[in-house]
Structures are given as structure tokens and as C-alpha cells.
Amino acid sequence: MFLVPRLYDPPADAEEGSTILQRYWDQIQSQVASLESRLGPIKHIYHEGLTEGGEQAAAYLEVMDQRCHTFLEAKSQAGATLEATENEEVLGETIDLQRCLMLPLTSNNVATKLREWFADGIRRRYEHISSRINETLGENEVGLLMINERHQVQFPADIEVFFVAPPALDEFRRWLDDWIAKQQATDAENSQGGESSGEPEAE
């Protein structure tokens with residue numbers, strides 16, 4: 001299994017981040033091609049978030065992530081099958097719970113129960129992905145999984161995993177950390193400015 005970290009597109013105005021992300025995809029293609037030359041061509045593609053396979057999955061990726069779609073479309077044309085990876089009900093459950101946890105909650109008890117429910121949903125979600133891989137990846141076949149770096153997928157014991165981590169991966173992480181820090185600093189400055197910008201009191 002070739003394990004490729006899924007990175008999300010930076011904001012539209014973050015040109016440096018977009019440049020690094022494109023470099024990441026160029027390096028991913030090069031490293032995956034090198035692995036295929038030694039281990040064989042990819043036969044199955046798994047991408048988190050896909051509840052359907054085939055053309056429906058390709059259409060979804062074309063809208064959501066153009067770089068990823070271009071890469072995976074080339075692999076599909078070379079003979080790889082784009083698999084349904086997620087259980088739709090469980091995926092929807094975890095998305096809704098994540099949204100709920102982003103809201104300010106009055107009750108600690110409710111917050112605790114939501115976190116427990118969310119953790120259970122995440123566990124069931126990754127168990128399903130693991131099951132899908134086990135069901136569809138045949139003996140001596142090569143698969144590719146695109147998923148976030150904090151995933152909890154447990155791979156079957158007979159699957160050897162190759163983590164694809166080109167130099168641009170660390171470069172993008174550093175850029176993202178720096179960008180987030182700058183955004184937080186800007187938000188803090190704006191907040192302080194708003195607190196001190198009131199009209200002077202009349203004497």
C-alpha cells in the first residue's frame with residue numbers, strides 16, 4: 001500500500017502555499033512512479049471521503065481537489081480502480097458531530113457526550129476503511145491510499161505500507177504553521193484595535 005498524505009488547498013490568496021503544494025504533487029507523482037517501477041502498477045485507489053467508486057468518485061474529486069483528481073485520473077486510465085472507501089452514514093455522522101463540537105456549548109456534560117460520540121464515530125469510520133481495503137486489495141496487488149496524516153486506519157498484517165513523504169511535505173507543514181501563526185497575530189491585533197477605538201467620553 002502506498003500511503004500518500006492528503007493536504008488541503010491553502011486560501012486562494014496564499015500564493016506561496018499554492019506553489020509549495022504544486023511542488024508536493026509533482027514530487028508525489030515522481031515517488032509513486034518510482035515505487036510502481038519496483039513493485040508493480042497501482043490496481044486499487046482509496047481516498048478518504050469517497051462513499052462511491054468509479055466515475056462518481058472521479059467527478060467528486062474533480063470538484064473538490066483538482067490536483068488530486070489529475071493525479072488519480074492518470075492512474076485510473078492506466079488500469080487502477082477508484083474504490084468506494086467510506087460508509088456514507090458513518091461519515092455523515094462524524095461530519096455533523098465535528099460541526100457541533102465547533103459551537104460554544106453551555107453544558108460540560110453535553111460536550112463530553114459529544115466528544116465520546118465523535119470518537120466512537122471516528123473509530124467506526126477508520127474500521128470501515130480498513131475493511132474496504134481488506135475486502136478489495138488482492139494478493140500481490142498494489143494499492144494507494146490518500147488520507148489525512150492523523151488517520152487511525154489499521155492495516156491488515158499481510159499488507160506492507162510505504163509512506164510517501166517527499167521533501168515538499170515538510171516544507172508545506174512549515175509554511176502552514178507560519179501562515180496560521182500570522183493569521184492569529186493579525187486577528188489578535190484587530191481585536192485589540194477594536195477594543196480601543198471607541199469614541200472619547202464627553203467631559
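The values are calculated or read from the model by the stated rules, or taken from the named source; none is laboratory data. Since the structure is predicted, the reported quantities are computational estimates derived from the model, not experimental observations. Positions of Cβ are backbone-derived with ideal geometry, glycine not excepted, and every protein chain shown enters the neighbour counts. Only protein heavy atoms, including side chains, enter the accessible area calculation; ligands, DNA and RNA are left aside. Shrake-Rupley method; radii C 1.70, N 1.55, O 1.52, S 1.80 Å.
Structure above, values below:
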| item | result |
| --- | --- |
| Any chance Glu89 is open to solvent by 20 Å² or more (accessible area, probe 1.4 Å), of a type outside the set (A, V, I, L, M) and farther than 24 Å from Leu137 by Cβ | no |
| Residue check, Leu7 at negative phi and part of a helix (DSSP H, G or I) | no |
| Looking only at segment 117-133, and only at residues there that are of a type in the set (A, V, I, L, M) and closer than 30 Å to Gly79 by Cα, the one that is surrounded by the fewest Cβ atoms within 10 Å (Cβ to Cβ) | Ile133 |
| Answer from Thr106, Thr136, Thr51, Thr112 - the residue that is of a type in the set (S, T, N, Q), in contact with a helix residue (DSSP H, G or I) (Cβ under 8 Å, 6 or more places away or on another chain) and either within 30 Å of Ala157 (Cα to Cα) or loosely packed, with under 13 Cβ neighbours inside 10 Å (or both) | Thr51 |
| Residues that are aliphatic (A, V, I, L, M) and surrounded by fewer than 19 Cβ atoms within 10 Å (Cβ to Cβ), drawn from segment 63-86 | Val63, Met64, Ala74, Ala78, Ala84 |
| Scope segment 124-154; condition closer than 22 Å to Leu39 by Cα, in a loop (DSSP other than H, G, I, E, B) and touching a Lys or Arg at 6+ places or on another chain (Cβ under 7 Å); matching residues | Glu141 |
| Positions within segment 1-34 being surrounded by fewer than 17 Cβ atoms within 10 Å (Cβ to Cβ) and touching a strand residue (DSSP E or B) at 6+ places or on another chain (Cβ under 8 Å), in sequence order | Arg6 |
| Test set (1) under 15 Å from Arg174 (Cα atoms); (2) without any contact (Cβ under 8 Å) to a residue 40 or more places away in the chain; (3) touching a Leu at 6+ places or on another chain (Cβ under 7 Å) - Gly53 fails condition number | (1) |
| Residue tally, condition in contact with a strand residue (DSSP E or B) (Cβ under 9 Å, 6 or more places away or on another chain), modelled with pLDDT of 95 or more and among the small types (Gly, Ala, Ser), over segment 109-161 | 1 |
| Candidates Ala157, Ala165 - the one that is over 23 Å from Cys68 (Cα atoms) and outside any helix (DSSP H, G or I) | Ala157 |
| Selection status of Thr94, at pLDDT 95 or above, more than 18 Å from Phe162 (Cα to Cα) and β-branched (Val, Ile, Thr) | yes |
